[in-house]
Amino acid sequence: MKTLLVYTVMTTVILSVLAQVTKGAEKSQECTCELNNSGLTFPTVRLQNVLSGATDCTRRITSQKMSEVNILLDKLHYRLRQLEVDVLELEDESDNDGSAQEGDLFMAVALRIIEIELAEILDLITKLNTTTTDHQGLTADISTKLKNMRMEMESLEKFDHTNIVEKQKKNQQLMKTLEQCQAELQVTVAPPIIPVPGNCIHGHLLNVTGPSTYTITQYGTSYAFGAWGRDPMPVKGKEDWYWLVALTSSNIYANYVRWYSSHSAIVLGVNAEDVSIASGNPTTNTVQGPNVAMYGGALYYGCYNSPSLCRFNMTDRTITAAPLPNAGHNNKFPFCHLATCYGYTDMDVSTDESGVWVVYATLENYGNVVLSEVELGSPPTLGRTWRTSLHKRTVTNTFVACGVLYATRYVDKQNEEIFYAMDTVSGQERYGLGLRIKKMSDNIHSLNYNPRDRQLYVFSDAHVLTYQLIFG
């Protein structure tokens with residue numbers, strides 16, 4: 001732009017200097033200068049208008065606005081799938097023989113759930129139509145502005161008397177052609193893409209929406225601590241089942257897993273099946289702490305009174321363990337925030353697209369978070385390990401999605417925040433993500449990510465919730 005202005009000002013200038021020296025006044029001199037510009041004056045105001053228009057376009061088109069439709073489509077897709085499952089369950093229940101009173105109650109509640117889901121689907125469709133209309137209007141408006149700005153810039157090129165802009169365009173075209181030729185010469189057949197931890201096929205984590213599920217457990221408010229979710233790699237016949245582990249002894253220990261045959265069953269608190277892990281509570285093999293997860297038909301959890309990861313096979317009821325070297329346990333390194341610490345949360349088990357992970361802390365790493373990949377098997381073993389700079393007592397929860405470790409912290413009674421991420425491929429740590437989770441209760445005691453539906457399964461003060469993770 002400076003070059004354009006310089007060459008614009010290169011016009012014929014006639015400079016005349018008239019000097020008059022008054023006789024008798026040796027030190028008195030007077031100079032008069034006259035400047036005449038016979039060339040075209042550069043229209044700075046028009047250029048500023050183009051700049052203002054470009055700034056306005058940039059302000060109106062944001063990544064958040066562009067992802068609105070995708071977010072709504074993801075929500076609608078999930079709701080339609082859930083509606084289909086609930087309608088099939090209702091049909092199955094109507095075909096089953098059983099108590100007429102219980103059947104009528106189940107039918108009434110199930111119909112009410114379907115009615116609510118239909119209302120939510122209609123609301124999403126309305127929002128999607130409105131958002132699409134708004135985007136169409138924005139696209140048309142921006143297109144018109146861009147066309148006008150292009151015409152204006154082409155008009156301003158007549159002030160380029162030395163053809164600098166035209167030569168720059170030719171140079172850019174030549175460079176582009178050269179780069180294309182070089183790329184064609186170096187092209188090779190691409191190998192098949194095999195997703196590895198940290199290279200997420202869904203893209204980057206952009207947002208957390210919800211909750212979409214919010215209900216108290218079958219136990220009522222008796223047990224505030226626990227975990228729930230779905231098996232990312234379920235055994236045959238358990239594809240749609242949900243598991244729940246409530247810490248039924250001192251908010252610390254549990255000795256059985258409760259199975260539910262469907263989402264509606266866990267909402268209604270019916271059709272439950274208990275699988276015993278240990279004969280007593282607490283005793284050897286008891287679950288210790290709320291941060292457990294299910295994968296491949298096995299429950300992974302913190303072993304009782306030991307710095308080890310236990311694996312309970314739900315089919316043959318066997319238990320094996322993998323020691324965590326020098327890991328803190330029994331409240332050595334729990335999850336905390338300024339007001340409190342969550343008891344016996346020294347170990348956190350997570351699942352993602354690639355398998356099972358365990359989070360803990362060691363004195364050798366100064367109480368900072370350590371992440372280990374769990375090699376599946378009986379007994380399980382630890383694979384690759386990452387040591388982070390994130391102090392575990394500054395964190396309220398962790399989960400792993402697409403090979404990226406995420407950590408949350410307490411903001412206030414209404415909000416939790418995903419503030420930290422560590423990519424297991426690059427080893428890069430990142431603070432300040434700023435992704436808020438809207439809470440329905442003060443505390444979140446466990447988070448479980450499920451890659452099948454890309455949801456977070458949350459246990460919060462005796463309530464179970466789900467949140468949708470938005471990638472892009």
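The values are calculated or read from the model by the stated rules, or taken from the named source; none is laboratory data. Nothing here was measured: the structure is a model prediction, and the numbers come from that model. When we count neighbours, we look across all protein chains shown, and the Cβ atoms used for this are built from the backbone with ideal geometry, even at glycine. Accessible surface areas use protein heavy atoms only, side chains included; no ligands, DNA or RNA. Shrake-Rupley method; radii C 1.70, N 1.55, O 1.52, S 1.80 Å.
Quick look at the numbers
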| read-out | value |
| --- | --- |
| Gain in span if fully extended, Ile142 to Ala339, counting 0.36 nm per residue against the direct Cα distance | 66.0 nm |
| Length gained when the stretch Glu429-Asp123 is fully extended (0.36 nm per residue, less Cα-Cα span) | 106.3 nm |
| Share of carbon and sulfur in the accessible heavy-atom surface of segment 103-142 [1.4 Å probe, %] | 66 percent |
| Surface per residue (accessible, 1.4 Å probe) for segment 357-439, Å² | 41 Å² |
| Hits among aspartates and glutamates - C-alpha to C-alpha of Lys65 under 13 Å, sequence gap 8 or more where chains match | Asp134 |
| Binned Cα-Cα distances of segment 237-355, short to long, each 5 Å bin given as a whole percent | 2, 11, 20, 23, 20, 14, 7, 3, 0 |
| Calculated Rg and Dmax of segment 348-471 using C-alpha coordinates, Å | 14.2, 42 |
| Rounded percent of accessible protein surface that carbon and sulfur make up, segment 292-347, 1.4 Å probe | 51 percent |
| Whichever lysines have a C-alpha closer than 29 Å to that of Lys176, once near sequence neighbours (fewer than 8 apart) are set aside | Lys2, Lys145, Lys147, Lys158, Lys167 |
| Sulfur and carbon atoms: percent of accessible area, segment 418-457 [1.4 Å] | 40 percent |
| Filtered trypsin sites (Lys or Arg not before Pro), segment 392-472: DSSP coil and at most 14 other beta carbons within 10 Å | Lys413, Arg452 |
| Hz values of 3J(HN,Hα) by residue in segment 380-386 - Karplus curve (6.51, -1.76, 1.60), Gly and Pro given as x | x, 10, 8, x, 5, 9, 10 |
| Förster radius 35 Å - calculated FRET efficiency between His202 and Lys169 (Cβ-Cβ, nearest 0.05) | 0.35 |
| Charged-residue dipole, Cβ positions (Lys, Arg, Asp, Glu), segment 428-472 about Cα centre, Debye nearest 20 | 180 debye |
| Calculated FRET efficiency for the pair Gln180/Arg46, C-beta based, R₀ 45 Å, to 0.05 | 0.80 |
| Spatially proximal aspartates and glutamates relative to Lys413 (Cα-Cα < 16 Å; intrachain offsets below 8 disregarded) | Asp442, Asp461 |
